[in-house]
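Student: A single structure is presented below for examination.
The values are calculated or read from the model by the stated rules, or taken from the named source; none is laboratory data. Note that the structure is predicted; figures quoted are calculated from it, not measured. With ideal geometry, Cβ positions are generated from the backbone for all residues, glycine too; neighbour counts draw on all protein chains shown. For the accessible areas, the whole protein counts, side chains as well, though only heavy atoms, and no ligand, DNA or RNA atoms are used. Shrake-Rupley method; radii C 1.70, N 1.55, O 1.52, S 1.80 Å.
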Amino acid sequence: MQALEELDLAQVVSQATTEIYDTMIMADIHTDEPLSAPLNDFTRYVSGIVGLAGLCQGMLAIHAPEKVAMGITNDFLGMEVDSVDDDVKDAISELANMVGGSVKPVLSPNGKDIQLSLPSVFHGDYSVKYFTQAYWVIVPFTIQSGQFFVELQLRRND
């Protein structure tokens, strides 16, 4: 495995997310510059989070304001939604799962050194804490319904 400090995590996240949007969801997406500071507090957001364990530990998360989460659901499932329901939560958690699955081979070329958890979803107002001594990146993406964020936090288990 390539050392975490040598990986361009923003590029890894950008490629994985854009590829999924281009091939699976088939909707326009634009990558913005990575954030310079972490996002900790979310108000009226939906987040899908996949844990990573093994050679590296951490998490990959999709954070979307409610309106954008409903737009992602429309893009993903081809159905209009007007509130955050189970379909919206499922779409956001599945997007996190797919992006996590696309990031995993970059972190573990043999596919066996890192395992992904089942996705979890959070909705409402909440905070996210960061690992100490971890590498992290938050990349904003813009779609027709607005902006969402893909976050990757990693630290190597040595």
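Student: Student exercise: in the chain, how many lysine pairs 8 or more apart or on different chains have Cα atoms under 24 Å apart? Mind showing how you got there, number by number?
Tutor: Working: Lys67/Lys89; Lys67/Lys129; Lys89/Lys104; Lys89/Lys129; Lys104/Lys112; Lys104/Lys129.
For the chain, qualifying lysine pairs total 6.
Student: Could you work out the local net charge near Pro119, counting Lys and Arg as +1, Asp and Glu as -1, over the other residues with Cβ closer than 15 Å to its Cβ? Intermediate results must be reported in sequence, preceding the final value.
Tutor: Numbers: positive: Lys89, Lys104; negative: Asp86, Asp87, Asp90, Glu94, Glu151.
Once all neighbours under 15 Å are counted, the net charge is -3.
Student: In what sequence, largest accessible area first, do His30, His63, His123 appear using a 1.4 Å probe?
Tutor: Details: His30 105, His63 0, His123 80 Å².
The ordering from most to least exposed comes out as His30, His123, His63.
Student: Take the solvent-accessible surface of the protein heavy atoms, probe 1.4 Å, and return the percent of it on the chain that carbon and sulfur atoms account for.
Tutor: Details: 3760 of 7890 Å².
With neighbouring chains kept in place, the figure for the chain is 48 percent.
Student: Got a sec? What order do Tyr135, Tyr21 fall in by accessible area at 1.4 Å, biggest, i.e. largest, first?
Tutor: Details: Tyr135 90, Tyr21 0 Å².
Largest to smallest exposure gives the sequence Tyr135, Tyr21.
Student: When all protein chains stay in place, what accessible area (Å², nearest 10, 1.4 Å probe) is found for Ser145?
Tutor: 30
Student: How much accessible area per residue does the range 8-112 have, counting only protein heavy atoms and a probe of 1.4 Å, in square angstrom? Intermediate values should be presented prior to the final figure.
Tutor: Details: 4860 Å² over 105 residues.
Dividing the accessible area of the range 8-112 by its residue count gives 46 Å².
Student: If you count only protein heavy atoms and use a 1.4 Å probe, how large is the accessible surface of Leu107, to the nearest 10 Å²?
Tutor: Here the residue's solvent-accessible area equals roughly 0 Å².
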